[in-house]
1. Could you figure out which of (1) touching a helix residue (DSSP H, G or I) at 6+ places or on another chain (Cβ under 6 Å); (2) small (Gly, Ala, Ser); (3) part of a helix (DSSP H, G or I) isn't true of B:Ala320?
2. Can you name every residue in region C:148-170 that is in contact with a helix residue (DSSP H, G or I) (Cβ under 8 Å, 6 or more places away or on another chain) and either in a helix (DSSP H, G or I) or within 14 Å of chain B (Cβ to nearest Cβ) (or both)?
3. With respect to C:Ala173, is the statement that it is at pLDDT 90 or above and either assigned to a loop (DSSP other than H, G, I, E, B) or farther than 27 Å from C:Thr90 by Cα (or both) true?
4. For region C:228-248, name all the residues that are surrounded by 24 or more Cβ atoms within 10 Å (Cβ to Cβ), assigned to a helix (DSSP H, G or I) and touching a residue at least 60 places away in the same chain (Cβ under 8 Å).
5. Any residue that is over 30 Å from B:Leu150 (Cα atoms), in contact with a Phe, Trp or Tyr (Cβ under 6 Å, 6 or more places away or on another chain) and assigned to a loop (DSSP other than H, G, I, E, B) - is there at least one of those in region B:294-317?
6. Out of everything in region A:32-50 that is surrounded by fewer than 20 Cβ atoms within 10 Å (Cβ to Cβ) and over 22 Å from A:Arg199 (Cα atoms), what residue ends up being nearest to the chain's Cα centre (by Cα)?
7. Can you tell me which residue within region C:125-170, out of those that are aromatic (Phe, Trp, Tyr) and modelled with pLDDT of 85 or more, is surrounded by the fewest Cβ atoms within 10 Å (Cβ to Cβ)?
8. Give me the residue from region A:91-120 that is touching a helix residue (DSSP H, G or I) at 6+ places or on another chain (Cβ under 7 Å), of a type in the set (A, V, I, L, M, F, W, C) and within 15 Å of A:Leu63 (Cα to Cα) and, out of that set, nearest to the other protein chains (Cβ to nearest Cβ).
Amino acid sequence: MLVLETGADPSMEGPVPAVEFVEITKRFGSTMALDTVSIKGWAGSVHAITGENGAGKSTLMNLLAGVHQPDAGCISINGTPLKLENPKAARIAGISTIFQELTLLPNLTVAENMFLGREPLKTAVVDRVKMRELAEEALARLGSQISVDAFCGDLSVGEQQMVEIAKGITADAQIFILDEPTAALNTPEVEKLAELISRMKSEGKLIFYISHRLDEIFRFCDEVSVLKDGKYVATSRVSEIDRDQLVSLMVGRELGELFPVRSTSRDQAKALLNISAIAISDNTPEVSFSLSRGEILGLGGLEGQGQRSIIRSIAGIEAFSKGEIRKTSRETDIAVPITPTIVEVAKAGIGFVPEDRKTEGLYLTLSIAKNMALGMLRELSVWRRARVRSDHIETLLHKMRVVAASANQEVGALSGGNQQKIMIGRWLASNVDVLLIEEPTRGVDVGAKVEIYNLLREFADAGGAVLITSSELTELLGLCDRILVVRGGALVAEFEGTEATEEEILHAALSSTAENYNKKEEVA
Amino acid sequence: MSLSLSQKKGLSLPKPRDLARYIFSLPFAYVGTVLLLLFAYYTRPALLSPLLLLLIIRQAAPLGIVVLGQSLCMRVLSLDLSIGGVIVAVSYILTSGVLPFSEPVLVLICVGFGLMIGSINALLITRLRASSVIVTLAMAMILSGIVISLSQYHAPSDAPEILRYIGQKRIGVFPIALFVWLAVLIPSVIFLRISVFGRYVDAIGANPNAAWTSGIPYIWVVTIVHIMSSLFAVFSGLLLVGFVGVGSIDIGQDLALNSLAAVILGGVTFGSGKGGVIGPTVAAFMLTFSFNLLTSLGLGEPGKLMIQGGIIAVAAIVYATRQAK
Amino acid sequence: MSSIGLLHSPGRSGLSLVALGLPVLLFVIISLISPSFLSVQNLSNVNAQITALLIIALGQMIVAISGGIDLSVGSVLSLTSTLLVSVDPTLSIPTVLLVGVCVGLVNGVGVAIFTVHPLVMTLASMTFLQGLALLILPVPGGSIPGFLEALVDFSFLGLPAAFYWCLTFVLLAAFLLRATKFGMRLFAVGANAQNAARNGVNVTFYKILSYVLCSTSAVMAGMYLSARVASADATMGASFALESVTAVALGGVQLAGGVGSVPGVIAGTITLGLMTNGMNLIGVSPFVRASATGVLLLIAISLQPRKAIGA
């Protein structure tokens, strides 16, 4: 059995930890994001914080970065409890954060972005010469060729991430938070980052490395702390734990228990949805694939590689410049082209579930019943009477195991998992037969995850088809019948869900030599 | 939960506090109307005579009608400030004598004109995604500019007979204008309550992004809302012209701002998906009553403007803070 | 380059061929149609008409870059005018400046702290201040302090005072935007307030400050215009709210925030001013001119597609 340490390792500690989280609790509405979490981080080490999506990693780091404040517990820096009221206070306390979401401003140049909020001044005037010099220096340390005068809005996602990192390291800080820093980086860039991290470590800095990529944890980090559903699970030295042990700490159960059994009802011959040669713009690759009745298809790959654009152009939210989407009509069994506007797509029986529940998905101030009812109205003209069968809604809520006081409760008061169910349930109530779902279980606890997976599988078994994007490999491997890997906007590989492995998918997602999927299709 | 709390703290405290909280959660207009009536009771009791109250209601009817459109606009996160321009144009069409048609045809032309302006507003707002405030303000500017410069050549004449009848006569003690108001109000309330359209309006107000991604016919709904708002402005203009009796170039100029104030007072806010028709309707009465009260207290136009502005600001701030909780 | 490319140049200036070319084109057209346009007398008239608008438009630009809008500028101008003839001459300047700052604070606090929609907030203060101005000075008239009149009526190196007023405010605005950290942070706040905050920018402070600067610019414009006209009028500024928004929008400032430049605002203001002056010379009724401003405003904002539908 492995030894779990919560204490320190004598070889690299000072008497007090550089950062200590003491019984931190944080709630968002009714969601318990962090539940009495205590973790120590030591100077001169790289400390991985890991766990599944929604485990509370980012929330914990947002507290340290001053973005949110804990409801209970405190954070000590070098033994002194501090109140980090805003990002500026955190910066003054010597904490530099490289956020997972890019926080660059598109209308500022690279140099301006790197020094926003701490501009070098010459009397009252911003010292642009010095600012550019410092920015160039930082980018050079990362081996980056990005011009410091470029506007960040013109950079690619990978370049923006490099700028984020460069910005973080220019800060005169002792504690660094790197939140999924490699999400959009290519292999040489990751190498540079690795070099940089080891240099920072040798300078006596503490680095919190947030990731759920096992390779990187084992490669970069000294210690790893695992969170699950907002609770602290364990801390261990990386050298004293192996991959399987870490995964079982993260997931807390076998994969088999998580996912429903794949069905045999998938009918490869019957394409429900046919995407032929769509391209977002004239200089992006064409994408073609089909979705069969009874199938759950996953779009995987590194974040920001174009999965979102693909699913959104099918949903009619992003325009595409060429290509066609055909859907087999339920009544006539004939494939007809769909006008790619959201309203027409929905009319054709395709439902879209966005990743961001709060801003794009739900009507938080409306009741559960009203949220669900909006799905049922889909086929009616606006002038018609809104006939809503409340018994139908009740049945569906019961079936989805939504936990709520009543159907009249505001959706905003529900937990993440229940909100996600409502979002999917809205489409189930409206009789669609294709679901397009971005990150089906982001920010959802494990229990609700299982229920959502079952729900989707049931939907597919009943003759529907589901297309998901997911950044969680376990989800792709466990849930999907087929997995398409996206890189640079193109489909680069296809795997059967039962046969694929994490390594194969990652390889396809990263490698620059993977053969073009569409070309392979043509040959075959 | 509040019940269990109150039992712990004893019997005397909780009731007034809960009551206060309940009152605080109501639209401003309800409390405001009661307070105003009380104030009038002590200072100007004459205003509360049934005859005067009915007169005030008649005066409030044009505002009450445009408020229906304005509240719809605000519920779909838009605004319509072109109301004044539409009303001036209606007045010109009806009374300038330029158009050689019979009265019913003129009224029909007005309705068609409303349809057109509403459609243009909607087109600019939904297709070009221009800010509704700017679009409708510019529209008001264009319409009143054209009407005023055209009016230099035609002295306005009397309003059509039928409109004067509707605007000025009464059935029994009740002014006909009140019935017109109710005839527009009641179907609107019912339609919004039971129709798919009403549900969509709520949805867009609650979360426009979600409404968009879930395939609600967003553009169509916003278009209908703006057309309805212009049509309500036309009806209001017909009533006003009849009420005043002659055409005028500054008729209904304060209706756009007043309707905005009334809608905010009536509990409709940007981005909550809440608020109905009754609150703004009560607010329309409240505003008209308060202007009469101010006049009787000797405050003129400046005082009126200041109170209007103050009300909009305070109500908007209070609602914004309430929503933040 | 596609036509879209011409309309939306990269970066944050919002400058485009349309924005910069329009005033030149108008200049040529008007001087062809109306020969009297190029006379010295008329050109200095144009300058005087444009000065007040330019000062306000620069303030409006600052608010617009921060992602807001200020409709109360016209009423602030009117109020300034009425105050100048109503208070003791020695106290007049401090009084109007104080009023400007207070109005900006109220607008800014309402928008930034209470999260009221800027259009609603400034529409409310516009109405309130218009009432206040009418209360202070029901009928136009009064006399402006002598030193103010001197400040707008001199001529130096052959150039009229209006030129120096314009120059001062243009340089001031350009300095603020380009050289100071205020400028950089203002662009950041307008582009994405949340991300600006994560970078340690005090978003609330900068939003409020932008409204204060805007109101102050309206006070300045009010001082200039009142002194030029040499009397006060409580409705003097009524048209400025929409005209300043039009000028700013014509100059490529994105009303959604984060994009704008001083040269653009100058170009937009000149376009609007030339159009008004041109119509004046041809003898078009002032009411039609108001309509034309409305049309121009519609065109200008139609050139700036946004993501959101609504207010």
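The values are calculated or read from the model by the stated rules, or taken from the named source; none is laboratory data. Because the structure is a prediction, the values reported are computed rather than measured. Positions of Cβ are backbone-derived with ideal geometry, glycine not excepted, and every protein chain shown enters the neighbour counts.
1. Every listed condition holds for B:Ala320 apart from (1).
2. The initial filter retains those residues of region C:148-170 that are in contact with a helix residue (DSSP H, G or I) (Cβ under 8 Å, 6 or more places away or on another chain), namely C:148-149, C:151-156, C:160-163, C:165-166, C:169-170.
The answer is C:Leu148, C:Glu149, C:Leu151, C:Val152, C:Ala161, C:Ala162, C:Phe163, C:Trp165, C:Cys166, C:Phe169, C:Val170.
3. Details: at pLDDT 90 or above: yes; either assigned to a loop (DSSP other than H, G, I, E, B) or farther than 27 Å from C:Thr90 by Cα (or both): yes.
Criteria met by C:Ala173.
4. Scanning region C:228-248 gives C:Phe240, C:Ala241, C:Glu243, C:Ser244, C:Val245, C:Ala247, C:Val248.
5. No - not one qualifying residue is present in region B:294-317.
6. So the residue we want is A:Met32.
7. Initially, region C:125-170 is screened for residues aromatic (Phe, Trp, Tyr), giving C:128, C:147, C:154, C:156, C:163-165, C:169.
Adding the requirement that they be modelled with pLDDT of 85 or more leaves C:128, C:164-165, C:169.
Working: C:Phe128: 24, C:Tyr164: 17, C:Trp165: 23, C:Phe169: 22.
Taking the candidates together, the pick is C:Tyr164.
8. Among those that are touching a helix residue (DSSP H, G or I) at 6+ places or on another chain (Cβ under 7 Å), of a type in the set (A, V, I, L, M, F, W, C) and within 15 Å of A:Leu63 (Cα to Cα), it is A:Phe99.
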